[in-house]
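Reviewing the structure listed below.
We did not get these values from a lab; they are worked out from the coordinates using the rules stated. From a predicted model like this one, the values you see are computed outputs, not experimental measurements. Virtual Cβ from ideal backbone geometry, glycine too; neighbours counted across all protein chains shown.
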Amino acid sequence: MYACNADSELRMDINRVVELLRGLPFRQAVWLFPLATALHFLEEAPHFADWASKYASFGYTDQRWRRIHGLGMVFTIAFCALASMFPNRAVVFFFFAVCFSESVLNGLFHVGATAFSGVYCPGLITALVLYPPLFWHLSQLAYREGLLTNTLGVVAFLIAVVIHAVDVATSVCGVKPLSDRRRT
């Protein structure tokens, strides 16, 4: 009897959380992104550098991971602050194009990296469990509030694809930018 009652209470609590999140306007809901990012970084932190140095780039270190992800967290918070303080079409487009859409692409990276290496790529779970539903939720809010159109959403996502591809190639896989290759 008690277990059934506890399950019922838990379900009610989860429903309350869902309703609370649904009721947040974009300018407040955007702050869920740094939380999801922090949880993702916590999953990656213990073993991503080891995985990357073995399967992607021999020179990848814990220090490199900390530097990239420390800057990434500052970047995430700064863009969320900008989108929260100035929720207009230009700023929200910029947020989606340069910062937020990469989260969904990060999930694709982790799936591909796990498939390619045949070994769990740290960050896979949070990238799949947190980022897609958060992306869907914030996208829907932005569309509903008139902050993003379908066309702008697609353009922002395409820009994010280019940014994320360059980011992964240079920061994880060790590909040198063309400007660096010309000097050597």
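Overview of values
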read-out: Highest-MSF residue in the chain out of LEU141, LEU20, LEU152 [GNM, Cα springs under 10 Å]; value: LEU20
read-out: Charge dipole magnitude, Cβ of K and R +1, D and E -1 - segment 2-175, Cα centre, debye nearest 20; value: 360
read-out: ³J(HN,Hα) computed for each position of segment 41-53 - Karplus, 6.51 cos²θ - 1.76 cosθ + 1.60, integer Hz, glycine/proline x; value: 5, 5, 5, 6, 3, x, 9, 5, 4, 4, 4, 4, 5
read-out: Estimated FRET transfer efficiency (ASN150, ALA90; beta-carbon r; R0 22 Å; 0.05); value: 0.85
read-out: GNM flexibility winner over the chain from ASP62, ASP13, ASP167 (Cα, springs under 10 Å); value: ASP13
read-out: Gyration tensor (alpha-carbon) shape descriptor, segment 71-184, a/c threshold 1.5; value: oblate
read-out: Residue-averaged [θ]222 nm for the chain, counting only DSSP H segments that reach four residues, each worth -39500 (n - 2.57); value: -24500 deg cm²/dmol
read-out: Extension gain, LEU128 back to VAL166 (0.36 nm per residue minus Cα-Cα distance, nm); value: 11.6 nm
